[in-house]
Structure formats: structure tokens, C-alpha cells
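Chemist: The following block contains the structure, expressed as C-alpha cells.
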Amino acid sequence: MIRRLFFELRYLIGDAPWDTGISPPELIEYLRNHPPGRALDLGCGTGTNSMTMAGFGWSVLGVDISALAILLARRRARKSNADVRFIRGDATSIPDPEQPFDLVLDIGCFHSLPFEKKDAYIQFLNRSTKYGSDYLVYTWLKANPDDPDIAPTEPELRERLSPIFEVMDVTYGTDHDRTSAWLLATRSG
């Protein structure tokens, strides 16, 4: 509840720095090199990346915990003919009868989940994908496993994904003096 209120407040006061209005080059590169299918955008915010994926021919479901972000995303979608739908929901349990997804995009959602929700998130990924589905995630990484930060270490992230996904590529970066990474994994099980 507090987490949801945090995001509602940030969108309400116009201080959501993670919602840049620009799709990252890593997503654009992925879209240019993969045929369109069904995509899930976890933590979609105001819909920038969902709309970008739809522009590449993908059928997209965008999900965010913030009702205000979803309202803004729906307004944006109404102005186009994009094949995109937005719902407010939790990234660990989204009811969608049209599963599975060919691509699950997560830009900053997993690393912001409390520890107790991370297992449910991975279980949701398992239910929402099929063999060959891709998972493209941008996350902060902590270097020390003893650090109380809720962001994962790279080995922790790989371990959580390993039963169902094979990591295909990792690109490291820095974001606000933090180690970050783009990780592409493909459903192998």
C-alpha cells in the first residue's frame, strides 16, 4: 500500500524521473531484431515503451501499480490506433486470459520490488511466458549481497531466472552512481 502511494504521489506532483518519455536504445534494438508478437510491459508508467512496442507491430499489455500513470497511458493510447491496453495491477499477479507473452519488458520494476514479492514475480513470469519467450529487463545491481538494498546482485538475478530462463546477454552501465544492467533472457524450460 505504501509503495503504491509513493508512486501515485510522484506521478501526481510530476516528479517521476524514471518515466522519461523516451524509449531506450536497448528496447529499440530488440524490436528491430525480433518479429512482433504479444508483449507485456511491467511497470509501464505513462505508456511510452508500450506505445513504442505497438509502433513496431506488437500487441501490448501495459501494467502499472499507479492508477494515475495508467490514466495518463490510456489517454495517450486513445490518440492512436496502437494495439495496446493498459491496466492497473501488481507485477506479481496480473489476470490476463490472453497469455502467454512472447516478450516481457521490465524497466526498473523488479529491482524496486520488496524482497517478499520477488519470488511471486518470478512465478508470474513462469506462468506468463512460454518456451522461446524473451524477458528484457533493466535493473540496478548491488555488488554486495549483504547490502540491505532491495536491488538484486547479478548472481541472485541469474539464480532466480535459471529454472526457466537462459541469460543470453548482459550489458552493464551506471545509473546515478549505481551499477545497472540490461539483461536479455530466453525461456528455455
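Chemist: For the condition of a type in the set (Ser, Thr, Tyr), touching a residue at least 24 places away in the same chain (Cβ under 8 Å) and closer than 20 Å to Thr153 by Cβ, what is the one hit in Ser93, Ser128, Ser112? Don't jump to the end; show me each part of the working.
Modeler: Values: Ser93 fails: closer than 20 Å to Thr153 by Cβ; Ser128 fails: closer than 20 Å to Thr153 by Cβ.
None of the other options fit; the residue is Ser112.
Chemist: Just to be sure before I move on: is Ala120 of a type in the set (Gly, Ala, Ser), more than 26 Å from Gly14 (Cα to Cα) and either out of contact with any helix residue (DSSP H, G or I) (no Cβ under 6 Å at 6 or more places or on another chain) or not in a loop (DSSP other than H, G, I, E, B) (or both) in the structure I sent? First the steps, then the outcome.
Modeler: Numbers: of a type in the set (Gly, Ala, Ser): yes; more than 26 Å from Gly14 (Cα to Cα): yes; either out of contact with any helix residue (DSSP H, G or I) (no Cβ under 6 Å at 6 or more places or on another chain) or not in a loop (DSSP other than H, G, I, E, B) (or both): yes.
So Ala120 fits the description; yes.
Chemist: Turning to a different aspect of this structure: Just to be sure before I move on: is Ile28 over 24 Å from Trp140 (Cβ atoms), surrounded by fewer than 17 Cβ atoms within 10 Å (Cβ to Cβ), under 15 Å from the mean Cα position of the chain (by Cα) and modelled with pLDDT of 85 or more in the structure I sent? Before you say what the answer is, go through the steps one by one.
Modeler: Working: over 24 Å from Trp140 (Cβ atoms): no; surrounded by fewer than 17 Cβ atoms within 10 Å (Cβ to Cβ): yes; under 15 Å from the mean Cα position of the chain (by Cα): yes; modelled with pLDDT of 85 or more: yes.
So Ile28 fails the test.
Chemist: For the stretch 107-150, which positions are within 19 Å of Asp41 (Cα to Cα) and small (Gly, Ala, Ser)?
Modeler: Once the filter is applied, which keeps residues that are within 19 Å of Asp41 (Cα to Cα) and small (Gly, Ala, Ser), the stretch 107-150 yields Gly108, Ser112, Ala120, Ser128, Gly132, Ser133.
Chemist: In the stretch 102-147, how many residues are touching a Pro at 6+ places or on another chain (Cβ under 9 Å) and of a type in the set (Val, Ile, Thr)?
Modeler: Qualifying residue count for the region: 4.
Chemist: Would you be able to tell me the number of residues in the stretch 131-146 that are at pLDDT 95 or above and loosely packed, with under 14 Cβ neighbours inside 10 Å?
Modeler: Number satisfying all stated conditions: 2.
Chemist: Given (1) of a type in the set (Asp, Glu); (2) surrounded by 13 or more Cβ atoms within 10 Å (Cβ to Cβ); (3) at pLDDT 90 or above; (4) over 21 Å from His34 (Cα atoms), identify the lone condition not met by Asp149.
Modeler: (3)
Chemist: If you scan the stretch 136-161, which residues turn out to be in a loop (DSSP other than H, G, I, E, B), more than 13 Å from Ser112 (Cβ to Cβ) and within 18 Å of the chain's Cα centre (by Cα)?
Modeler: Correct list: Thr153 only.
Chemist: Which of the residues that make up the stretch 28-46 are part of a loop (DSSP other than H, G, I, E, B) and under 15 Å from Asp106 (Cβ atoms)?
Modeler: Pass one, the stretch 28-46, residues part of a loop (DSSP other than H, G, I, E, B): 33-37, 43-46.
Within the stretch 28-46, Gly43, Cys44, Gly45 meet the criteria.
The values are calculated or read from the model by the stated rules, or taken from the named source; none is laboratory data. Remember, predicted model here, so these are calculated numbers, not experimental data. Methodologically, a virtual Cβ is constructed for each residue, glycine included, from the backbone with ideal geometry; neighbour enumeration extends over all protein chains shown.
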